[in-house]
1. Which one is farthest from residue 3 (Cα to Cα) among residues in the range 165-182 that are among the polar types (S, T, N, Q) and open to solvent by 80 Å² or more (accessible area, probe 1.4 Å)?
2. What number goes with the only condition from (1) of a type in the set (Gly, Ala, Ser); (2) closer than 17 Å to residue 27 by Cα; (3) surrounded by fewer than 19 Cβ atoms within 10 Å (Cβ to Cβ) that residue 120 does not pass?
3. Taking the criterion of being touching a helix residue (DSSP H, G or I) at 6+ places or on another chain (Cβ under 8 Å), surrounded by fewer than 20 Cβ atoms within 10 Å (Cβ to Cβ) and modelled with pLDDT under 95, would at least one residue in the range 107-114 satisfy it?
4. Can you tell me which residue among 185, 162 is open to solvent by 10 Å² or more (accessible area, probe 1.4 Å), over 28 Å from residue 89 (Cβ atoms), part of a loop (DSSP other than H, G, I, E, B) and charged (D, E, K, R)?
5. Here is a check on your reading of the model: is residue 125 without any contact (Cβ under 8 Å) to a residue 24 or more places away in the chain and assigned to a loop (DSSP other than H, G, I, E, B)?
6. Could you tell me whether any residue of the range 65-75 is under 20 Å from residue 132 (Cβ atoms), surrounded by fewer than 23 Cβ atoms within 10 Å (Cβ to Cβ) and at pLDDT 95 or above?
7. Just to verify a result, which residue in the range 124-174, among those that are acidic (Asp, Glu) and out of contact with any Phe, Trp or Tyr (no Cβ under 9 Å at 6 or more places or on another chain), is nearest to residue 30 (Cα to Cα)?
8. Would you point out the residue of the range 188-209, among those that are in contact with a helix residue (DSSP H, G or I) (Cβ under 7 Å, 6 or more places away or on another chain) and either aromatic (Phe, Trp, Tyr) or part of a helix (DSSP H, G or I) (or both), that is least open to solvent (accessible area, probe 1.4 Å)?
Amino acid sequence: MNIEIIPVTAFQQNCSIIWNDEKKAAIIDPGGDALKLIKRIDALGLELQGILLTHGHLDHVGAATKLKQYFNVEMMGSNSLDKILFAALPQQSRQFGVFEIDAFEPDHWLDKEGEILNIAGFEFEILHLPGHAPGHIGFIEHNEGIAFTGDVLFKQGIGRTDLLGGNHTDLINSIKQKMYQLPDDMVVLPGHGPHTTIGQEKLNNPFVK
């Protein structure tokens, strides 16, 4: 798997472009700066096959509609419990005082726990990881040993739970009961900040006991 992480907007959200050796690609959590992302995908000569969304917060979906229109691809994810967040995108943009965005919904909700999503030559297991957002999901590529899990688990940190639909108990349960069941050498690419591994967080994360 080829991966390029592009931090976008003032939130410095980790947007991931992934592709295989045949240049088939997907983009995960395009949170904004649509023109920058479009130019980079075109410069790499990639064939974008879909847009994957871990959850419905503004800083993770801000450029999704523009990329969908430009590349004529579908948006997949998150879990449909995030409908309230996608409906509230205009309010989110006013709350944070950033770019305006209209409410929208993905083309496909990913509601089936353990479902395998085949895209760009990769196989992603879908895990429902509520807590930061009610419909938050993770995209787990077991063959590559990489997990794209948005704002659930960070390097020595966890996602915030004070936003709409957040729940601290659910977040800790998602980490302990699902993420910490993944192999210790699984690389976690979070929504913000540096990557980590499951094993490192089991040993060093002060927020998960």
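1. 169
2. Only one criterion in (1) of a type in the set (Gly, Ala, Ser); (2) closer than 17 Å to residue 27 by Cα; (3) surrounded by fewer than 19 Cβ atoms within 10 Å (Cβ to Cβ) is unmet by residue 120, namely (3).
3. no
4. Only one candidate passes the filter, namely 185.
5. no
6. Our first condition is that a residue be under 20 Å from residue 132 (Cβ atoms); within the range 65-75, this holds for 75.
Within this subset, residues satisfying the condition of being surrounded by fewer than 23 Cβ atoms within 10 Å (Cβ to Cβ) are 75.
Pick out the ones that are also at pLDDT 95 or above and you get 75.
Scanning the range 65-75, I find at least one residue that is under 20 Å from residue 132 (Cβ atoms), surrounded by fewer than 23 Cβ atoms within 10 Å (Cβ to Cβ) and at pLDDT 95 or above, so the answer is yes.
7. 151
8. 198
The values are calculated or read from the model by the stated rules, or taken from the named source; none is laboratory data. As the structure is a prediction and not an experimental result, all values here were calculated from the model. Counting neighbours? That spans all protein chains shown, and the Cβs are built from the backbone with ideal geometry, glycine included. Please note that ligands, DNA and RNA were not included when accessible areas were found on the heavy atoms of the full protein model with its side chains. Shrake-Rupley method; radii C 1.70, N 1.55, O 1.52, S 1.80 Å.
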